[in-house]
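The values are calculated or read from the model by the stated rules, or taken from the named source; none is laboratory data. From a predicted model like this one, the values you see are computed outputs, not experimental measurements. No Cβ is skipped: glycine too gets one built from the backbone with ideal geometry, and neighbour counts run over all protein chains shown.
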Amino acid sequence: MIVDAAILAGGRARRMGGRNKALLEIDGQRIVDRQLAVLAPLAGEVLLVTGDPVPYSGVRGARVVLDRHPGLGPLAGIQAAFYASAADALLVIACDLPFLDGNLVRLVRDHAPGAQAVVPRLGERPQPLHARFARSALPAIDARLARGALRVMDLLAELDVTWLDEPALRAVDPTLRGLTNVNTPEELEALT
């Protein structure tokens, strides 16, 4: 199974005051560069999906893919990545996860190869933006976008999902730091 990775970087970052989360620095390194260091050895190709390619002109190690439906959220980003990739599956990663853990990403990539989606879950909270989606999910994604049903969480109800619950996640990432995201200036401040 060929698996590419898609970093979704098309959001407006309202809670971050409009600051581009992928380009925020933690310990002197941009989040996108931190992610590329983890994803490059684990994926056939890394795609960076965005509505505006200009801020990413200096990013090395990823192919910039234009969002086919800017402003429609992560579901549209996943669709754009599938149309740009020939892989059997995509690792879908939000651009605001600065501490990606290679072991956790590898678990998501390799677990249940026949599933339409492999999604970590903390308690009852799915983490669909640190997940793997099979190409067979694309028709459901297309249909949801066509009817304006944009929530990735709702897509999961239509797919054959294999869940990775907390014990399996902690076995490879004991602190679950790999699932930590940065949405607000306060969260960024706490990490720097």
*What residue, of T50, T162, is of a type in the set (S, T, N, Q) and in contact with a His (Cβ under 8 Å, 6 or more places away or on another chain)?*
T162
*Is it the case that region 124-131 has a residue that's surrounded by fewer than 16 Cβ atoms within 10 Å (Cβ to Cβ), out of contact with any Leu (no Cβ under 7 Å at 6 or more places or on another chain) and over 24 Å from D88 (Cα atoms)?*
yes
*Any idea which residue in region 43-101 is farthest from the chain's Cα centre (by Cα), counting only those that are more than 24 Å from S136 (Cα to Cα) and acidic (D, E)?*
D52
*asked:* Being farther than 17 Å from A43 by Cβ, touching a residue at least 24 places away in the same chain (Cβ under 8 Å) and not in a strand (DSSP E or B) is the filter here; which residues of region 115-136 pass it?
replied: A115, Q116, G123, Q127, P128
*With respect to V38, determine if the residue is among the hydrophobic types (A, V, I, L, M, F, W, C), closer than 23 Å to E186 by Cβ and at pLDDT 95 or above.*
no
*When you scan region 25-110 for strands (runs of 3 or more DSSP E) that lie fully inside it, which ones turn up with 3 or more residues that are surrounded by 23 or more Cβ atoms within 10 Å (Cβ to Cβ)?*
46-50, 89-94
*Might you check whether a residue that is part of a strand (DSSP E or B) and either touching a helix residue (DSSP H, G or I) at 6+ places or on another chain (Cβ under 6 Å) or modelled with pLDDT of 80 or more (or both) occurs anywhere in region 167-185?*
no
